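This report refers to the structure that appears directly beneath it.
The values are calculated or read from the model by the stated rules, or taken from the named source; none is laboratory data. Source: prediction; values computed, not measured. Cβ atoms come from the backbone with ideal geometry, glycine included; neighbour counts cover every protein chain shown.
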Amino acid sequence: MKGLTAKEEELMDFFWKKGPLFVKEIVAFYDDPKPHFNTLSTIVRGLEEKGYLAHHTFGNTYQYYAVISENEFSKGTLKNVISKYFNNSFLSAVSSLVKEEDISLDDLKQLIDEVEKGHK
């Protein structure tokens, strides 16, 4: 699945939090100056082409809804980052986080405990 731009991710967040929406409803979520209806409509149609949204037809208008959950998106994004930057090595990713973020030994032990509990 193709990645999302920042604006696309922002729009997907509306769908994940609020459920099915018409484009005119999305416009209302923004403060002034609001983005133009046509701009948001173009982005929404792009999200549908990428497989993130689908729609129901109501007369001559569409109500869009997410077909990818936020959780599925997050997992896919994490896998892409690990693939791209850590040569598909989750161990390298965790090691990098430990080194760069100064994760304490206690935090690491807690993480190991949580992983072990998840496998039981």
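Tell me, yes or no, whether segment 88-110 has at least one residue that is surrounded by 12 or more Cβ atoms within 10 Å (Cβ to Cβ), closer than 30 Å to residue 19 by Cα and among the hydroxyl-bearing types (Ser, Thr, Tyr).
no
Among the residues of segment 80-91, is there at least one that is at pLDDT 95 or above, polar (S, T, N, Q) and in the same structural domain as residue 4 (by TED's automatic domain parsing)?
Checked against the condition, which is being at pLDDT 95 or above, polar (S, T, N, Q) and in the same structural domain as residue 4 (by TED's automatic domain parsing), segment 80-91 yields no hits at all.
Looking at the structure I just gave you, is residue 17 in the same structural domain as residue 72 (by TED's automatic domain parsing) and closer than 17 Å to residue 68 by Cβ?
Criteria met by residue 17.
Filter segment 97-120 down to residues that are basic (Lys, Arg) and assigned to a helix (DSSP H, G or I) and give me whichever is nearest to residue 78 (Cα to Cα).
The selected residue is 99.
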